[in-house]
Amino acid sequence: MSSGTESDVSPDVWDGEIEREIGHDEYDPIGTLGLIAIYFVIIALLWIFMYFVEFLGRGPTVV
């Protein structure tokens, strides 16, 4: 009987070494910018919906 920390390590497991280090100028956070843009659009749509429901009283309603 062996514990989980004493198991055999297969060769496809990450060994902790850095394969390639990228510099500050090479980093391109497109995915992060995309998520921030999506969150901004969701918040803007919810704000518009809240405006119609709460302040105008005629428009989209919550059923």
Filter the range 18-54 down to residues that are in a loop (DSSP other than H, G, I, E, B) and not aliphatic (A, V, I, L, M), then give me how many there are. 10
If we scan the range 6-17, do we find a residue that is modelled with pLDDT under 75 and in a helix (DSSP H, G or I)? yes
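The values are calculated or read from the model by the stated rules, or taken from the named source; none is laboratory data. Since the model is a prediction, treat every value here as computed from it, not as a measurement.
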